[in-house]
Amino acid sequence: MGKATQDLQNEHEAIIHVFTILDRMLISANADEERDLNFADELVHFLKVFADQCHHGKEEVILFQEMENRGVPNQGGPIGVMLQEHVLGRELIAKMSEAVQGADLDTFKLHAVAYRDLLRQHIQKENMILFRLADKIISDEKQAELFEKFEAHEENVIGHGVHEQLHAQIHAWEILYSN
């Protein structure tokens, strides 16, 4: 696996881990509306920044463009499907955000489950199909260049140290929903 696609898969693992924490919140016998709304608000922020701006941004602006340059079609191809799912994901994040702003935990949960289910399938497709294709058509040297562009994207789009702060947030959520 190339350095760029490995980086994206590592981020997928972090997102999947966050969904495991979300699942714990959803089934928690120790319901605490204030705690859960705070988590929901933090989760929406995480999804906007880490999953969408950072991760999907790297895919859309850097990896997918490189794949298109190498002949992988956008329209009617796997890239187009991934882009459509990114749009649907953004719509669900907006609905989650609206629910949190209205302190409507039940509606948040409904949209969070829809987002979780969408992204789990989406990640599976990217890991098993799109990234494997990328590894076949993009050399290790070019993947290393793409990884450097990923690093610059993180710095320019979400800011210095934010990626690490978001990972620390995941750890705090693990403790919050450890039971």
(request) Could you tell me which residue of segment 1-24 is farthest from the chain's Cα centre (by Cα), considering only residues that are without any contact (Cβ under 8 Å) to a residue 40 or more places away in the chain and closer than 18 Å to residue 153 by Cα? (result) 6
(request) From 93, 79, grab the single residue that is within 19 Å of the chain's Cα centre (by Cα) and within 25 Å of residue 160 (Cβ to Cβ). (result) 93
(message) Filter segment 91-120 down to the residues that are within 21 Å of residue 27 (Cβ to Cβ) and acidic (Asp, Glu) and list them by number.
(response) 104, 106, 117
(request) Identify, from the list 155, 141, 148, the residue that is open to solvent by 80 Å² or more (accessible area, probe 1.4 Å), modelled with pLDDT under 95 and not β-branched (Val, Ile, Thr). (result) 155
(request) From (1) part of a helix (DSSP H, G or I); (2) open to solvent by less than 70 Å² (accessible area, probe 1.4 Å), pick out the condition that doesn't hold for residue 121. (result) (2)
(request) Out of the residues in segment 61-93 that are buried (at least 16 other Cβ atoms within 10 Å of the Cβ) and among the acidic types (Asp, Glu), state the one that is farthest from residue 145 (Cα to Cα). (result) 85
(request) Looking only at segment 162-179, decide whether some residue is within 20 Å of residue 22 (Cα to Cα), without any contact (Cβ under 8 Å) to a residue 12 or more places away in the chain and open to solvent by less than 70 Å² (accessible area, probe 1.4 Å). (result) yes
(message) Pairs needed: first member in segment 67-80, within 15 Å of residue 56 (Cβ to Cβ); second member anywhere, open to solvent by 20 Å² or more (accessible area, probe 1.4 Å) and outside any helix (DSSP H, G or I); C-beta distance under 9 Å; at least 6 residues apart or different chains.
(response) 67/74; 79/73; 80/73; 80/74
(request) Using the structure shown, decide if residue 165 is modelled with pLDDT of 95 or more and of a type in the set (S, T, N, Q). (result) no
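The values are calculated or read from the model by the stated rules, or taken from the named source; none is laboratory data. All values reported here derive from a predicted model rather than from experimental measurement. Neighbour counts are summed over all protein chains in view; Cβ atoms, including those assigned to glycine, are modelled from backbone coordinates with ideal geometry. Accessible surface is based on the protein model in full, side chains and every heavy atom, while ligands, DNA and RNA are left aside. Shrake-Rupley method; radii C 1.70, N 1.55, O 1.52, S 1.80 Å.
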